[in-house]
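Read the structure below first, then the notes.
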Amino acid sequence: PAGTGAIYTWSGNNEVGEGRMTITESRPSDLIRIKLEFFKPFAATNTAEFTFKPEGNQTAVTWSMTGNNNFMAKAVHLLMNMDKMVGGQFEKGLAQMGSVVEAAANRRGGERS
């Protein structure tokens with residue numbers, strides 16, 4: 001399943017934990033909003049958002065994550081630089097997304113020839 005209502009769950013080691021993602025809003029070429037529920041190693045609920053903005057013959061993608069900080073999250077933020085901790089993962093994910101999109105565009109271009 002894809003689009004609004006689609007669900008993905010994961011369960012792994014202590015590094016990836018356990019959780020669920022649910023697409024709560026999907027507007028092609030504009031926005032994808034995802035409810036992120038983390039169960040392990042600690043419980044938290046966040047919202048991830050991908051916004052898309054045309055810029056010439058390219059698209060600028062913004063990936064953000066928001067949520068309420070409970071006591072445990074506040075303690076983690078005091079001890080660790082979260083931007084430094086997850087920023088590289090966001091950059092890697094965006095680069096991978098770019099590769100997938102470019103490959104799909106090349107396949108479509110090849111089909112038209």
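In order along the stretch 4-20, phi translates into HN-Hα couplings of 3, x, 5, 10, 10, 10, 9, 8, x, 6, 4, 6, 9, x, 9, x, 8 Hz, rounded to whole numbers, per the Karplus curve 6.51 cos²θ - 1.76 cosθ + 1.60 with θ = phi - 60° and x for Gly and Pro.
A Förster radius of 35 Å combined with the Cβ-Cβ distance from ARG107 to LEU36 puts the calculated FRET efficiency at roughly 0.70.
Taking amide H as placed 1.01 Å from N in the peptide plane, ALA6 has its amide H under 5 Å from the amide H of ILE23, each at least 5 places away in sequence or on another chain. Kirkwood analysis of the Cα pair distances in the stretch 1-68 returns a hydrodynamic radius of 13.1 Å.
All of the numbers you see were taken from the coordinates with simple rules; none came from a lab. A quick note: this is a predicted structure, and the numbers were derived from the prediction, not measured. Using ideal geometry, Cβ is built from the backbone for each residue, glycine included, and neighbour counts are taken over all protein chains shown.
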